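> Handing you a structure now.
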Amino acid sequence: MILRIIVSIGLVFSVLKGATQQRCGTAEYFKQQLSDDPTYRQRLDEVENFTRQKTGTENTAQRTGSLQGVIKIPVVFHVLYHLPEENITAAAIQQQIDALNRDFRKRNNDTVNTPAAFKSVAADMEIEFYPATMDPQGRSTSGIVRKYTPVTQWYADDKMKFTSGYGDDAWDSRSYLNIWICNLKSAFGYSNFPGVDNKIDGIVIASVVFSTTYGSVNPVYGRTLVHEVGHWLNLRHLWGDTYCGDDYISDTPKQAGYTPDCPSGIRISCGNSPAGDMYMNFMDFTDDRCMNLFTLGQKQRARALFEPGGPRNSLLSSKGLNISTIQAAEVPDFYPQWLHAQVYPNPATSSINIYFEYDERWLGKELLVVDMTGRVVIKKIINSKIQNIDISRLPAGVYFIRAEKDGEKIISRFVRL
């Protein structure tokens, strides 16, 4: 009883320490899913029953399954940005791909830090990740979709997964791993387990994770996404999200709860002596620099999903990594450069078009055209996503377009010839 109280107090302090943003929001998201969708529990049970059929009652290294060789997964990154710094670079995304392949293939140099008691169960997951080279329409792609959004921050409610909510629709999740990068609040990332609707199947990761100012959980390691991909592969937190809970895997010792910061030495809980907690596992909450292994049992549980009839088996026949000779048509970038509405043509002689397609909430708001002296020369209510303005009566010169809604301002410039 005393041990339970001590652990509970420790968890409270840990939660308070990370109250502004949790390491992983999957547990809370999962509970909400179960509450919102009464049928999800049945689908989850079906996935669990399938997994146990392929791996045994508990996942162990003794069951290898029929699937052999390296599994290659096509990935699409949906980059949703409101501010320029949220428009994550291709180089940063590739760095994250490299981190996934490093850790899932046990190529991380810090495997030397794995305690001797756990070295025998440390596993090469034999799963690799690659940016998609072919989109669902059979066209060539970089595997990155970039989209300006008027939404300034997102929460773990899946709204970023739909164009209708100013996010971006998933590519067919039966053929791609969808990863949304956005200004996610309350957590650094969250994922769903297998069995959800294809339209929301994937991972959400906070854009701040890619920042060099992220701290100990930083892009050099990239292990926030490694952890969330683990969930997408049906791996649970080691403590089963409850005191001394179950992650359904035999070679990960039970432990009282999650482990913050970067501990050292043997930490005993839940009767797991003599080895203690496996806090250096990627499915704990330790800092990136202190994580270093998946286990053989986790490997078998994850790979079972790809067996014939499994919920992720269709990814093995995905065309997402094929080479396409069809180039996608280049789409004009009418999204604003940090809230600067696009004006075309510019310079202009008789009329201009101002593009509000990126955010229809501008409709009904007042728009002003102002000259260099600050005098308002045109006043108009925005009534179209592509607003036409007659400037034929304006003298030649430089003019500014101004509008404001809900505290958000835009200002653009155009030249009247």
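The values are calculated or read from the model by the stated rules, or taken from the named source; none is laboratory data. Since the structure is predicted, the reported quantities are computational estimates derived from the model, not experimental observations. In this analysis, Cβ positions are derived from the backbone assuming ideal geometry, glycine residues included, and neighbour counts consider all displayed protein chains.
> What tally of residues in the stretch 113-126 results from selecting those that are under 18 Å from Gly276 (Cα atoms) and either among the basic types (Lys, Arg) or out of contact with any strand residue (DSSP E or B) (no Cβ under 8 Å at 6 or more places or on another chain) (or both)? Spell out the reasoning first.
Just the residues of the stretch 113-126 that are under 18 Å from Gly276 (Cα atoms), to begin with: 113-122.
Going one step further and asking which of them are either among the basic types (Lys, Arg) or out of contact with any strand residue (DSSP E or B) (no Cβ under 8 Å at 6 or more places or on another chain) (or both), we end up with 113, 115-117, 119-120.
Total satisfying the criteria: 6.
> Please count how many residues of the stretch 231-265 are free of Cβ contacts under 8 Å to residues at least 40 places away in the same chain and β-branched (Val, Ile, Thr).
Summing the residues that are free of Cβ contacts under 8 Å to residues at least 40 places away in the same chain and β-branched (Val, Ile, Thr) in the stretch 231-265 gives 2.
> If Phe306 meets every condition in (1) in contact (Cβ under 8 Å) with a residue 60 or more places away in the chain; (2) out of contact with any Lys or Arg (no Cβ under 6 Å at 6 or more places or on another chain) apart from one, which number is that one?
Failed condition: (2).
> Considering each residue of the stretch 386-404, count those that are part of a loop (DSSP other than H, G, I, E, B) and surrounded by 15 or more Cβ atoms within 10 Å (Cβ to Cβ), and give that number. Full working, then the answer.
Start the filter on the stretch 386-404 by keeping residues that are part of a loop (DSSP other than H, G, I, E, B), which leaves 391-396.
Then keep just the ones that are surrounded by 15 or more Cβ atoms within 10 Å (Cβ to Cβ); that gives 391, 394.
Of the residues in that region, 2 qualify.
> Output the number of the condition that Ser120 fails; it satisfies all remaining conditions of (1) under 23 Å from Phe294 (Cβ atoms); (2) more than 13 Å from the chain's Cα centre (by Cα); (3) not in a helix (DSSP H, G or I).
(3)
> Filter the stretch 185-207 for residues that are free of Cβ contacts under 8 Å to residues at least 40 places away in the same chain and either of a type in the set (Lys, Arg) or farther than 29 Å from Glu46 by Cα (or both) and give the result. Full working, then the answer.
First pass over the stretch 185-207, keeping only residues free of Cβ contacts under 8 Å to residues at least 40 places away in the same chain: 197-199, 201, 203, 205.
Matches in the stretch 185-207: Lys199 only.
> Condition (residue is modelled with pLDDT of 90 or more, assigned to a helix (DSSP H, G or I), in contact with a helix residue (DSSP H, G or I) (Cβ under 7 Å, 6 or more places away or on another chain) and not charged (D, E, K, R)) applied to the stretch 60-76: is it met by at least one residue? Walk me through how you get there before you give the answer.
Let us first name the residues in the stretch 60-76 that are modelled with pLDDT of 90 or more, namely 69-76.
Adding the requirement that they be assigned to a helix (DSSP H, G or I) leaves none.
No: zero hits.
> Then there's this: Quick check, is Leu233 under 24 Å from Ile181 (Cα atoms) and either touching a helix residue (DSSP H, G or I) at 6+ places or on another chain (Cβ under 7 Å) or aliphatic (A, V, I, L, M) (or both)? If you could, list the steps in order and put the result at the bottom.
Details: under 24 Å from Ile181 (Cα atoms): yes; either touching a helix residue (DSSP H, G or I) at 6+ places or on another chain (Cβ under 7 Å) or aliphatic (A, V, I, L, M) (or both): yes.
Taking the combined requirement at face value, the residue satisfies it.
> Part of a loop (DSSP other than H, G, I, E, B) and at pLDDT below 95: is that true of Ser264 in this structure?
Numbers: part of a loop (DSSP other than H, G, I, E, B): yes; at pLDDT below 95: yes.
Yes: the conditions hold for Ser264.
> Could you tell me which residue of the stretch 139-160 is farthest from Gly310 (Cα to Cα), considering only residues that are within 12 Å of the chain's Cα centre (by Cα) and in contact (Cβ under 8 Å) with a residue 60 or more places away in the chain?
Trp154
> Looking only at the stretch 266-288, filter to residues that are touching a residue at least 60 places away in the same chain (Cβ under 8 Å) and among the charged types (D, E, K, R); which one of those is surrounded by the most Cβ atoms within 10 Å (Cβ to Cβ)?
Once the filter is applied, the top-ranked residue is Asp288.
> Turning to a different aspect of this structure: Only one residue in Ser175, Ser120, Ser164, Ser191 is within 28 Å of Glu307 (Cα to Cα), assigned by TED's automatic domain parsing to the domain that holds Glu46 and surrounded by fewer than 15 Cβ atoms within 10 Å (Cβ to Cβ). Which one?
Working: Ser175 fails: surrounded by fewer than 15 Cβ atoms within 10 Å (Cβ to Cβ); Ser164 fails: within 28 Å of Glu307 (Cα to Cα); Ser191 fails: surrounded by fewer than 15 Cβ atoms within 10 Å (Cβ to Cβ).
It is Ser120.
> While we're on this one: Of the residues Asp251, Asp333, Asp288, which is at pLDDT below 95 and either outside the structural domain of Lys119 (by TED's automatic domain parsing) or touching a strand residue (DSSP E or B) at 6+ places or on another chain (Cβ under 8 Å) (or both)?
Values: Asp251 fails: at pLDDT below 95; Asp288 fails: either outside the structural domain of Lys119 (by TED's automatic domain parsing) or touching a strand residue (DSSP E or B) at 6+ places or on another chain (Cβ under 8 Å) (or both).
That would be Asp333, the only listed residue that is at pLDDT below 95 and either outside the structural domain of Lys119 (by TED's automatic domain parsing) or touching a strand residue (DSSP E or B) at 6+ places or on another chain (Cβ under 8 Å) (or both).
> Name the residues in the stretch 1-42 that are at pLDDT 50 or above and over 19 Å from the mean Cα position of the chain (by Cα), would you?
Correct list: Leu34, Ser35, Asp36, Asp37, Pro38, Thr39, Tyr40, Arg41, Gln42.
> Looking at the stretch 371-385, I want the residues that are more than 18 Å from Gly397 (Cα to Cα) and have a partner that is assigned to a loop (DSSP other than H, G, I, E, B) with Cβ atoms under 7 Å, at least 6 apart or on another chain. Which pairs are those?
Every condition considered, the pairs that remain are Ile381/Gly364; Ile382/Phe356; Ile382/Leu363; Ile382/Gly364; Ile382/Lys365; Asn383/Leu363; Lys385/Phe356; Lys385/Glu357.
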